[in-house]
1. Here is a list of conditions, (1) of a type in the set (Gly, Ala, Ser); (2) free of Cβ contacts under 8 Å to residues at least 40 places away in the same chain; (3) closer than 26 Å to Lys5 by Cβ, and Gly97 meets all of them except one; can you say which number that is?
2. Inside the stretch 113-129, can you point out the residues that are modelled with pLDDT of 85 or more, part of a helix (DSSP H, G or I) and within 15 Å of the chain's Cα centre (by Cα)?
3. Can you report the number of residues in the stretch 71-100 which are of a type in the set (A, V, I, L, M, F, W, C) and either at positive phi or surrounded by fewer than 14 Cβ atoms within 10 Å (Cβ to Cβ) (or both)?
4. Taking Thr51, is it without any contact (Cβ under 8 Å) to a residue 40 or more places away in the chain, touching a Pro at 6+ places or on another chain (Cβ under 7 Å) and either β-branched (Val, Ile, Thr) or within 19 Å of Val122 (Cα to Cα) (or both)?
Amino acid sequence: MILEKKNIFINQKPGNKEDIIRKIGDIFQSQGYTNEYYTQAMLDKEKVFNTYIGNEIAIPHGIEEAKKHIKMTGLVLMTFPEGQDWGASEKVKVVIGIAAVGDEHLDVLQKIAMTFSDKAGVENLLTLNEDEISNLFEG
């Protein structure tokens, strides 16, 4: 299971982007997906490449060299119905932290792309509970 129910956090209040990335990193580390270095790798990635991908979605993940710090593939998903600043002029409503072993991130990215191919997919997600979101990703 790539997106466990305990890693879904709906209706979050907007805050500091770096703090949100740190929280995702802490969740990954505390559950054994990554070690402590991966959080910094996600922050480093954000400095060189904004992880906003359109349709009000951001996908924070570590720089390429950080792959060695990932122990197993997993996601952390947070929703921000009010919108979260993600740099420049982007506001995001869904943040999906990614930790992926090897090439498993390609499957993960394909699933995200299919689920959120348009803003209707994002708006729909904002109406779901943790069980429904988990089923959406695992289905």
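1. (2)
2. Once the filter is applied, which keeps residues that are modelled with pLDDT of 85 or more, part of a helix (DSSP H, G or I) and within 15 Å of the chain's Cα centre (by Cα), the stretch 113-129 yields Val122, Leu125.
3. Result for the stretch 71-100: 1.
4. So Thr51 passes the test.
The values are calculated or read from the model by the stated rules, or taken from the named source; none is laboratory data. These figures come from a predicted structure and were not determined experimentally. Every residue, glycine as well, gets a Cβ built from its backbone with ideal geometry; the counts of neighbours run over all protein chains shown.
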